[in-house]
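Following: one structure in structure tokens, then a few remarks.
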Amino acid sequence: MPRQLPANPSLKHLKNQAKDLLKAIRAGDEDATRRLEEQIPPHKHAFRQKNLPVRSTLADAQLVIAREYGFPSWPKLKAYVDAYGLASIASKQKIKTAHWIETRTHYKPFPGSITREYWLRIDPPAQAWKDTYPTEWSYDVQTPRGRFHFASSWDANTHYVDPPLFTREKALLEVLAPLDQPSGEPWQVETVQRDGRSLLCYHRKIFRHRISVHQGKEHIVGTFPIEETIWADPDTRRIVGKETNYFDASTGEVEHSSISEQFTYNVRLPKGVFRLPEEKPMLTSRSQRWKDLSLELQQAIQTIINRSDAGWQKGDFSEFGSVWRFDYAPHLPTKADWQARFAQQAGRWQRWQSECEYAFRQNRIAVSLGRNTFNWGEEHSVWHVIVNLHLVWSEHGDGFQGSEHFFLKRIGRGFRIVHWEFPWEKIKAAHEANRSKADTL
């Protein structure tokens, strides 16, 4: 029979329980050892299974505590306690709705700013946000059933397949300061004066992996630092401001940043803010795997991409341009932009190879403004091909692996490339860093 958590569970208290248990196990206490073996049997413990000497760890003790309370793992127990704490705080403050403004500023490769307006409802949980671009806007709605997306000029709404549930706890995380024992990297907390108010300031620097998917498996292709700062009311714990800076790991420069401000609570939300236009059909978004395309279509697309790769690797702009339709839309890099890139990269690569993973039709050509952010241009029916990039620049096999995106337009009976998204700045930085290292050897 699982143990019962107290009415107001404390993560700090649970951690102390695990530490005390660990001390008892290492001291040879029979009861503590019995509890360990009940929750982690010897045949499931890699070291004890091989009759090797083992020194129990804090993770072992935490797992015992979690399972004794009926949770399969420590992270599951921790998430429950965190959510309980959030719900308790929110019930005392009676948060029903929230509204705020976020400004995203991008410094490279395409400088610019985007304003996003948020509306949040706690119960039942729902969130909506509207992005304002220089020439158009898009709108997203997130409900307990998942996430929807549509833009003003689209012909249909889009429903994402198998989205994660948007729970009340997730909604609260958007507007409440971190708990005293937050998940992940710890926060540094201090009291500061800001805009004439005494506020709690939470700050931390974390590192996130850049993931590439190859043949269905995720690979870490880089790490980048992020600095997060949150300002909150010391009495209610309601957030009054946020700032996040994303850095280029190779240069230490800020790539883009986001600032959230003008937080208001328990405001009357606009009527229908969580609804999608009923007059538009609902489509399901599902990326089509490359292997599911017809062999004829695979060959037509892959041939075009291979010729583009060959011209790029050799520095032959004529071959590269033979499969392109430059200046197809106003917001895309021009032919002159691509010629300038050729001058920067010619002769660097021993191998440049693109392996197609997904291909599907869509009604927008996306130009990246920063990590995970795109500027959608006017409506164009194109094929979006997601590709795994493998490149090598030295005889020792030094190189780069990551994702790239081709946008192809069917013209006549064939295809032409109208846009290509790939991590050019990071490739250049990695190449230069490798060359500098080689020069010092």
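The values are calculated or read from the model by the stated rules, or taken from the named source; none is laboratory data. Quick caveat, the model's predicted, so the values are computed rather than measured. Here the Cβ positions follow ideal geometry from the backbone for every residue, glycine too, while neighbour counts run over all protein chains shown.
Filtering the range 325-341 for residues that are loosely packed, with under 13 Cβ neighbours inside 10 Å, free of Cβ contacts under 8 Å to residues at least 12 places away in the same chain, over 30 Å from the mean Cα position of the chain (by Cα) and more than 13 Å from I305 (Cα to Cα) leaves a non-empty set. Residue count for the range 346-359 under the criterion of being surrounded by 15 or more Cβ atoms within 10 Å (Cβ to Cβ), touching a residue at least 60 places away in the same chain (Cβ under 8 Å) and within 29 Å of the chain's Cα centre (by Cα): the result is 4.
Condition first: modelled with pLDDT under 75 and not aliphatic (A, V, I, L, M). Now tell me which residues in the range 256-309 satisfy that. Answer for the range 256-309, where residues must be modelled with pLDDT under 75 and not aliphatic (A, V, I, L, M): P277, E278, E279, K280, P281, T284, S285, R286, S287, Q288, R289. For the range 366-388, the criterion of being surrounded by fewer than 17 Cβ atoms within 10 Å (Cβ to Cβ) and modelled with pLDDT of 85 or more is met by none of the residues. The residues of the range 305-350 that are out of contact with any helix residue (DSSP H, G or I) (no Cβ under 9 Å at 6 or more places or on another chain) and among the β-branched types (V, I, T), listed by number, are I305, T334.
Given the criteria under 17 Å from T236 (Cα atoms), touching a His at 6+ places or on another chain (Cβ under 9 Å) and modelled with pLDDT of 75 or more, does V175 qualify? In short, no. Restricting the first member to the range 29-49 and to residues that are among the β-branched types (V, I, T) and modelled with pLDDT of 85 or more, and the second to residues that are surrounded by 11 or more Cβ atoms within 10 Å (Cβ to Cβ) and part of a helix (DSSP H, G or I), the beta-carbon pairs closer than 9 Å and six or more apart or on different chains are T33/A24; T33/I25.
Looking only at the range 318-369, residues that are closer than 21 Å to E432 by Cα and part of a strand (DSSP E or B) come to 3 in all.
Being modelled with pLDDT of 70 or more and assigned to a strand (DSSP E or B), is that true of even one residue in the range 72-87? So far as the range 72-87 goes, no, none of its residues is modelled with pLDDT of 70 or more and assigned to a strand (DSSP E or B).
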